[in-house]
Amino acid sequence: MKILIACDSFKGSLGANEVCRAIENGIKTELPDVRTVCFPLADGGEGTVESFY
């Protein structure tokens, strides 16, 4: 199974990359054999440039 993790930032607390990684860590804790793909998103505001990295 492959899970796509596509998240925007949590304004004032976590950037989109951090949100994706936190969700990925939770999934991997419960389902270690699952493949995950992180795809940070942005709505054009703060964090847009960060989501490209």
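What pairs come out if I take residues in the stretch 15-36 that are over 12 Å from residue 1 (Cα atoms) and pair them with residues that are acidic (Asp, Glu) and in a helix (DSSP H, G or I) whose C-beta lies under 9 Å away, six or more apart or interchain?
Within 9 Å, the pairs are 15/50; 16/50; 17/50.
Here are some conditions: (1) modelled with pLDDT of 85 or more; (2) outside any helix (DSSP H, G or I). Residue 47 meets all but one. Which one does it not meet?
(1)
May I ask you to list the residues in the stretch 1-31 that are among the acidic types (Asp, Glu) and assigned to a helix (DSSP H, G or I)?
18, 24, 30
The values are calculated or read from the model by the stated rules, or taken from the named source; none is laboratory data. Computed from a predicted structure; not experimentally measured. Here Cβ is always computed from backbone atoms with ideal geometry, including for glycine, and neighbour counts include all displayed protein chains.
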